[in-house]
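Coordinate-derived values only; no laboratory data. This structure is a prediction, so every number in the text was calculated from the model and none was measured. When we count neighbours, we look across all protein chains shown, and the Cβ atoms used for this are built from the backbone with ideal geometry, even at glycine.
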Amino acid sequence: MTLPIIERRRIEAELLREVYETLVARHGRDEARAVIAESVRRSAIAQAGQFAAAQPGGTSLQSFVDIQKHWTAEDALEIEVVHRDETHFDFNVVRCRYAEMYRQMGLGEIGPLLSCNRDGAFCDGYDPKLKLTRSQTIMEGASHCDFRYRYEAED
């Protein structure tokens, strides 16, 4: 059985907490944040590539929609779909257990780096035609996260 993503993120965060604190002590908060952000971004791109490679018919907006179940498993995210068509998948996250988990772990300060930072980078690794626009997140104090995905047609 595959480990739910929310559990994987908890395990990763336990280690990254120590890395972050070490980096802060040696190089300061700004550099520590930059290193964590870049490391998580690179990890998200690599993981997205693995998801993309596993798609039997290649990637598409529908294949992306289909894999969302991995992030919502175990009620990790409660979402409300706002709009869905051939080129758009728009939804709001109205409850984020990832944000709750990071706050409980004392990692609220870097929660956006550990979680939200992944979302756009995941698109880059999954399919360059997949684009994300988001103006707010629960992790950073908003009432909801506004995910707006679009799948750009080929030229």
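Values as computed for the structure displayed
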{"item": "Size of electric dipole in the chain: Cβ of Lys, Arg +1 and of Asp, Glu -1, about Cα centre, debye, nearest 20", "result": "320"}
{"item": "On Cα atoms only, tilt of 29-53 relative to the major axis of the chain in degrees", "result": "30"}
{"item": "Rounded to 10°, Cα long-axis angle of helix 5-27 versus longest principal axis of the chain", "result": "40"}
{"item": "H27-A153 pseudo-label distance in nm [points 7 Å out on the Cα-to-Cβ vector]", "result": "4.4"}
